[in-house]
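Notes for the one structure printed next.
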Amino acid sequence: MAQQTINVGAAPNDGTGTPLRTAFQYTNSNFSELYTAVGPSGNNIVVPGNATITGDLTVDTSTLKVDSANNRVIVGHTSGSSAFQVTNAGAAGLEIQPTGFSSAPLILSYNRSGSAYTQLTLDGSTIVHALNGSTAMTLNSTGLGVGVASPAQRLHVKLDQNAYTYSRIDNQNASSGAYAALMLSASGNSWGIGVGSAAANSNALDFFLDAGGANSLKMRLDSSGNVGIGVTPSVQLASYKSFQFGIGGNLIGRSDNSGIELSSNSYRNSGGNYIYLNTATAASYRQYSGGHEWHNAPSGTAGTAITFTQAMTLDASGNLLVGTTSLVSGEKLSVNAGSGTGVIVKNTGGATYSPLYAWNATTTGDGYFSVFFTETAATFRGSISYNRAGGLVAYNVTSDYRAKDIIGPVSNSGSLIDSLKVYIGKMKGATIERPMLIAHEAQEVAPYAVTGLKDEVDADGKDKYQQMDVSSFVPLLIAEIQSLRARVQTLEAR
């Protein structure tokens with residue numbers, strides 16, 4: 001209804017004004033319209049058209065306030081610091097649900113002349129944060145994209161190659177050891193990545209299960225660059241970096257790239273000493289300047305120093321030393337067997353394969369296949385060689401006159417030969433019979449020809465067979481043949 005105006009006339013009671021009854025009808029009509037807008041309790045205002053309010057508008061100050069002096073709209077509170085502030089405990093602070101519009105339901109932007117501008121757009125199932133017109137972050141039904149407009153995974157981050165710090169996650173409770181800077185979960189099983197997750201390792205990078213307690217630690221990268229899997233890495237010598245596996249072993253590399261160490265139950269402490277990790281035996285492989293070393297040590301006490309024995313060495317020249325740290329003469333393989341057997345070569349490939357090949361590739365002279373020594377200082381005793389002139393393999397024993405004390409000629413060759421008992425028989429497992437001697441019987445006649453004792457057994461009670469060098473009888477046979485020839489010549493001369 002249009003506003004009703006009462007004409008008061010040109011002068012009192014001059015008859016030109018609105019009649020009294022009509023005037024009250026106008027008044028009642030205007031009051032009715034105001035009553036309808038304000039409501040019976042005075043708390044409901046209906047403005048059918050546009051409304052302009054100058055100054056402050058306060059409607060139930062705990063619900064809505066327009067602060068014209070500070071250019072603020074406050075909802076749910078009496079004061080605020082933002083241009084538009086909504087406070088609503090226990091329910092949504094702001095809800096916008098437009099229908100029938102093709103544009104985004106909400107766009108928030110900041111733009112100041114001469115400065116960068118940002119914009120936040122909520123459009124359907126997508127939230128986009130833009131910076132200077134370029135998409136900085138997108139959240140949609142696929143996932144969250146940082147630096148990408150359309151994320152391909154749940155979290156899709158595109159790094160700015162010009163940025164010094166690509167991403168950062170801060171944990172304000174890192175010193176307590178109970179919180180992780182980053183938690184990853186798969187089907188309810190939590191995995192954590194923590195930086196400085198314990199007060200004693202504030203500069204460490206930890207990987208753990210669950211909430212990050214000490215018992216759940218799976219891997220740690222400490223501030224010195226050492227890595228421990230399933231264990232806090234032991235403090236190493238400053239010039240070394242280690243990769244420690246549980247309480248059993250370490251892979252240690254020198255900072256100057258001159259070598260590495262792979263050890264079992266040991267590490268090198270800050271003083272450079274090798275230390276037991278537990279009470280088991282210890283072993284170490286080391287590679288330095290082209291050489292390789294293998295060390296071992298008996299069981300010890302955790303935390304105490306280790307005395308390693310260098311068991312094997314492959315030096316930079318390709319020489320292999322087993323049980324020794326120096327070459328005997330100039331060979332490629334040196335073995336010090338101590339109280340055990342030096343080398344055993346076993347063939348399981350069948351009768352056509354040899355357990356050992358001796359190949360001398362020389363094309364001139366008498367090439368050696370094997371040389372034999374005794375005594376602490378190597379004393380030459382014999383060899384196996386190839387006699388090129390004779391075209392045969394020679395089994396040689398030392399026979400130089402300088403190595404002998406000659407007493408005189410043999411005079412009892414016949415009695416010695418007669419004392420030897422020769423049998424016809426065969427070896428157990430063999431199929432051919434042949435003439436043979438018995439070692440302990442021959443030992444009574446020629447002890448120099450037999451090795452070992454009659455009926456001897458080893459520590460396990462197994463038989464230790466006697467052995468015989470039948471070639472040692474050759475000089476005896478020659479002496480007897482010479483004696484026979486002399487007698488034949490005497491007989492022939494009669």
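The values are calculated or read from the model by the stated rules, or taken from the named source; none is laboratory data. Just so it is clear, the model here is predicted, and its values are computed rather than measured. Note: ideal-geometry Cβ built from the backbone for every residue, glycine included; neighbour counts use all protein chains shown.
In table form, for the structure just shown:
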quantity: Options 364, 325; residue that is surrounded by 10 or more Cβ atoms within 10 Å (Cβ to Cβ) and assigned to a loop (DSSP other than H, G, I, E, B); calculated: 325
quantity: Condition met for residue 378 (under 30 Å from residue 329 (Cα atoms), among the aliphatic types (A, V, I, L, M) and out of contact with any Asp or Glu (no Cβ under 9 Å at 6 or more places or on another chain)); calculated: yes
quantity: Criterion violated by residue 418 - all others in (1) surrounded by 10 or more Cβ atoms within 10 Å (Cβ to Cβ); (2) not assigned by TED's automatic domain parsing to the domain that holds residue 469 satisfied; calculated: (2)
quantity: Single match in 114, 80 (criterion: modelled with pLDDT under 70 and part of a loop (DSSP other than H, G, I, E, B)); calculated: 114
quantity: Test for residue 287: is it farther than 22 Å from residue 378 by Cβ, under 31 Å from the mean Cα position of the chain (by Cα) and surrounded by 11 or more Cβ atoms within 10 Å (Cβ to Cβ); calculated: yes
quantity: Some residue of segment 340-350 being within 42 Å of the chain's Cα centre (by Cα) and closer than 23 Å to residue 392 by Cα; calculated: no
quantity: Failed criterion for residue 373 (all others in (1) more than 27 Å from residue 479 (Cα to Cα); (2) assigned to a loop (DSSP other than H, G, I, E, B) hold); calculated: (2)
quantity: Test for residue 489: is it of a type in the set (S, T, N, Q) and in contact with a helix residue (DSSP H, G or I) (Cβ under 9 Å, 6 or more places away or on another chain); calculated: no
quantity: Single residue of 272, 248 found to be at pLDDT below 75, farther than 16 Å from residue 222 by Cα and not acidic (Asp, Glu); calculated: 248
quantity: Segment 267-283, subset touching a Gly at 6+ places or on another chain (Cβ under 8 Å) and not in a loop (DSSP other than H, G, I, E, B), residue farthest from residue 301 (Cα to Cα); calculated: 282
quantity: Neighbours by Cβ (under 6 Å, 6+ apart or cross-chain): first from segment 325-354, more than 21 Å from residue 308 (Cα to Cα); second among the hydroxyl-bearing types (Ser, Thr, Tyr); calculated: 328/334; 347/353
quantity: Lone qualifier among 393, 410 - being assigned to a loop (DSSP other than H, G, I, E, B) and of a type outside the set (Ser, Thr, Tyr); calculated: 410
quantity: Residue match in segment 485-493 (condition: under 60 Å from the mean Cα position of the chain (by Cα) and exposed (fewer than 10 other Cβ atoms within 10 Å of the Cβ)); calculated: no
quantity: Any hit, segment 334-347, residues being touching a Lys or Arg at 6+ places or on another chain (Cβ under 7 Å) and modelled with pLDDT of 90 or more; calculated: no
quantity: Output for segment 426-441, where each listed residue is surrounded by fewer than 14 Cβ atoms within 10 Å (Cβ to Cβ) and in a loop (DSSP other than H, G, I, E, B); calculated: 426, 427, 428, 429, 430, 431, 432, 433
quantity: Residue within segment 469-485 that is farther than 20 Å from residue 395 by Cβ, at pLDDT 95 or above and part of a strand (DSSP E or B) present; calculated: no
quantity: Residue 383 being outside any loop (DSSP other than H, G, I, E, B) and polar (S, T, N, Q); calculated: yes
